[in-house]
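Reviewing the structure listed below.
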Amino acid sequence: MSSGASSLASTGTSSLASTVAGTVAQPNYDWQGFGFEIRQVHAGDYPDLNNGLRVPPIALSTGYVFDDFDDQVERFAGQPARPTGAGAFFGEAEATPSPIYSRQGNPTNAVAEARLASLEGGTAAVAVSSGQAAISSALFALAQHGDHIVSTASIYGGTRILFGRSFKRFGIDVDYVWNIDDDDEWQQLIRPETKAIYTETIPNPRNDVVDLRRVVEVAKRYHLPVIVDNTVGTPALIRPIEHGVNIVVHSTTKFLSGHGASVGGAIVDGGNFDWEAAERAGRSYPLITKAPRPGLASMLDRFGDAAYARATREAVVNDIGPSLSPLNGFLLHQGMETLSLRMDRHVASSIAIARWLERQPEVVSVDYAGLPSNALYDIAARDYGVDADGFGRTGSVFGLTVRGGIDGARAFVNGLRLFSRMTGIGDTRSMVLHPLTSTHATFAAEVNERLGISPGLLRLTLGLESVNDLIADLRGALDRVAALERSL
Ligand SMILES: Cc1ncc(COP(=O)(O)O)c(C=O)c1O
């Protein structure tokens with residue numbers, strides 16, 4: 001007989017030994033308590049009993065079949081899924097009804113949602129169609145016409161535009177706090193109608209990291225949930241919920257999907273906000289704490305520490321409709337499998353290049369909080385950790401100011417051959433953008449001045465290319481800046 005499994009089975013082993021050897025251990029699907037690198041690959045995965053697919057497939061179906069007439073009635077009535085019911089994949093609580101339609105949820109996206117919730121340390125996540133959809137949906141679940149939000153001042157330009165235009169039109173005002181250490185400033189801004197504090201971990205574009213502990217401390221004082229955009233940080237570098245933040249939003253378009261191919265977003269519920277205490281203190285969150293209709297208990301009663309996520313899914317995303325395509329959901333859950341590996345590389349390159357840039361004569365300043373010369377270095381080192389040489393690991397989106405103002409910036413951008421001139425961050429490819437004439441073009445001059453968005457400022461986002469090649473490209477562009485200066 002030839003070698004192989006069948007020959008091993010017939011070598012005269014005892015029946016006990018063959019029973020032991022033949023007993024198949026069940027694959028694990030509960031990854032709670034496992035390390036980050038295990039969870040980024042496995043969390044959210046499920047056994048495919050039909051075909052044995054190892055990679056969770058792309059479930060292209062607009063809806064879900066009802067078992068029978070009564071099942072349809074139960075699902076529309078928000079009844080918990082039947083024990084044998086199809087499609088109970090949301091996994092937020094036993095009270096979860098079976099799905100109806102893919103605008104509300106999809107098995108492919110559910111893998112991404114469970115994986116991201118696990119990586120961020122939240123109770124549940126909701127995937128949506130873009131980062132902007134995530135920010136809007138996250139806040140619409142908390143605030144309505146007449147309500148108010150306080151945001152830190154240094155945030156992504158698109159979010160500032162969203163707040164100043166669409167939120168304003170919908171009757172939700174946003175005010176900005178400029179100095180988070182100033183108690184008086186908070187006190188002047190926070191009103192009875194304030195429903196949330198909004199911030200970013202590593203603000204785009206200037207890498208001016210926010211002291212989350214301080215923001216959380218203020219929010220607790222006023223019984224407000226803190227929402228943080230962790231797009232630039234990613235859970236591989238910082239997990240805001242561990243710092244007391246309540247809700248995390250992402251543009252998954254960026255590092256989480258990681259390859260510049262698909263637009264998406266997500267909202268993660270930290271499960272750590274006391275909605276009832278906030279109500280007692282006079283801040284009401286009706287989508288979470290009130291019965292949505294007669295005969296159905298509140299989200300809080302039905303979904304407990306995942307009530308906010310469920311309310312966002314049911315009462316905002318399902319109504320307004322920014323659902324994620326399962327194709328993009330697939331790219332997201334697959335992208336997350338390599339998140340920490342990519343982030344290590346992004347960060348190592350950024351530290352090396354920020355250090356190199358600081359030494360170049362054509363460079364006025366480098367905004368990378370992980371550099372010891374940066375005013376925010378202590379927060380960077382404390383919250384993001386340091387590399388072997390003591391540099392803080394504050395991501396790979398940062399600012400660089402070249403000499404010569406806007407003409408210097410033009411010479412620099414036009415001189416790049418490897419960096420792509422485009423908007424976007426968190427790609428495998430390195431990119432450059434001039435914020436003043438793009439993301440910040442519509443803001444008043446004094447706002448840009450206060451934010452440090454100067455004519456010579458460029459936003460770099462470093463990809464996964466080799467540092468030497470990136471430096472060679474940057475050197476060529478800086479030579480243009482030097483040549484421009486000589487020509488004047
Ligand atoms: C920090 C941050 N948040 C949100 C967004 C918006 O994300 P999206 O483009 O996926 O809508 C971006 C986009 O650049 C961003 O950089």
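The values are calculated or read from the model by the stated rules, or taken from the named source; none is laboratory data. Predicted model, so just to flag it, every value in this text is computed and none were measured. Here the Cβ is made from the backbone with ideal geometry for all residues, glycine too, and neighbour counts use every protein chain on show.
To keep it simple, each residue is scored yes or no on (1) surrounded by fewer than 18 Cβ atoms within 10 Å (Cβ to Cβ); (2) outside any loop (DSSP other than H, G, I, E, B); (3) in the same structural domain as Pro294 (by TED's automatic domain parsing); (4) at pLDDT below 95.
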site	(1), (2), (3), (4)
Gln32	yes, no, no, yes
Gly44	no, no, no, yes
Asn50	yes, no, no, yes
Leu53	yes, no, no, yes
Arg82	yes, no, no, yes
Arg115	no, yes, yes, no
Leu119	no, yes, yes, no
Gly122	no, no, yes, no
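In the range 385-405, how many residues are within 16 Å of the ligand (Cβ to nearest atom) and hydroxyl-bearing (Ser, Thr, Tyr)? The qualifying residues number 2. Do you know which of the residues in the range 386-397 that are without any contact (Cβ under 8 Å) to a residue 60 or more places away in the chain and assigned to a loop (DSSP other than H, G, I, E, B) is surrounded by the most Cβ atoms within 10 Å (Cβ to Cβ)? Only one residue tops the list, namely Phe391. Mind checking whether some residue in the range 171-179 is at pLDDT 95 or above, within 15 Å of the ligand (Cβ to nearest atom), within 14 Å of Val218 (Cβ to Cβ) and in the same structural domain as Ser137 (by TED's automatic domain parsing)? Scanning the range 171-179 turns up no residue that is at pLDDT 95 or above, within 15 Å of the ligand (Cβ to nearest atom), within 14 Å of Val218 (Cβ to Cβ) and in the same structural domain as Ser137 (by TED's automatic domain parsing). Going through Leu371, Leu331, Leu376 one at a time, which residue ends up being more than 30 Å from Leu300 (Cβ to Cβ), in the same structural domain as Ala110 (by TED's automatic domain parsing) and either in contact with a Leu (Cβ under 6 Å, 6 or more places away or on another chain) or modelled with pLDDT of 95 or more (or both)? The unique qualifying residue is Leu331.
Counting only helices (runs of 4 or more DSSP H) that sit completely within the range 296-369, those holding 2 or more residues that are more than 21 Å from the chain's Cα centre (by Cα) correspond to 299-303, 339-358.
Scan the range 317-332 residue by residue and report those that are closer than 15 Å to Ile267 by Cα and touching a strand residue (DSSP E or B) at 6+ places or on another chain (Cβ under 9 Å). Within the range 317-332, Val317, Asn318, Pro322, Ser323, Leu324, Gly329, Leu332 meet the criteria. Residues that are in contact (Cβ under 8 Å) with a residue 12 or more places away in the chain, part of a helix (DSSP H, G or I) and of a type in the set (Lys, Arg) do occur in the range 193-216, at least one of them. Restricting the first member to the range 240-259 and to residues that are in the same structural domain as Asp274 (by TED's automatic domain parsing) and within 10 Å of the ligand (Cβ to nearest atom), and the second to residues that are of a type in the set (Val, Ile, Thr) and assigned to a loop (DSSP other than H, G, I, E, B), the beta-carbon pairs closer than 6 Å and six or more apart or on different chains are His250/Thr231; Ser251/Thr231; Thr253/Val263; Lys254/Thr231; Lys254/Ile425.
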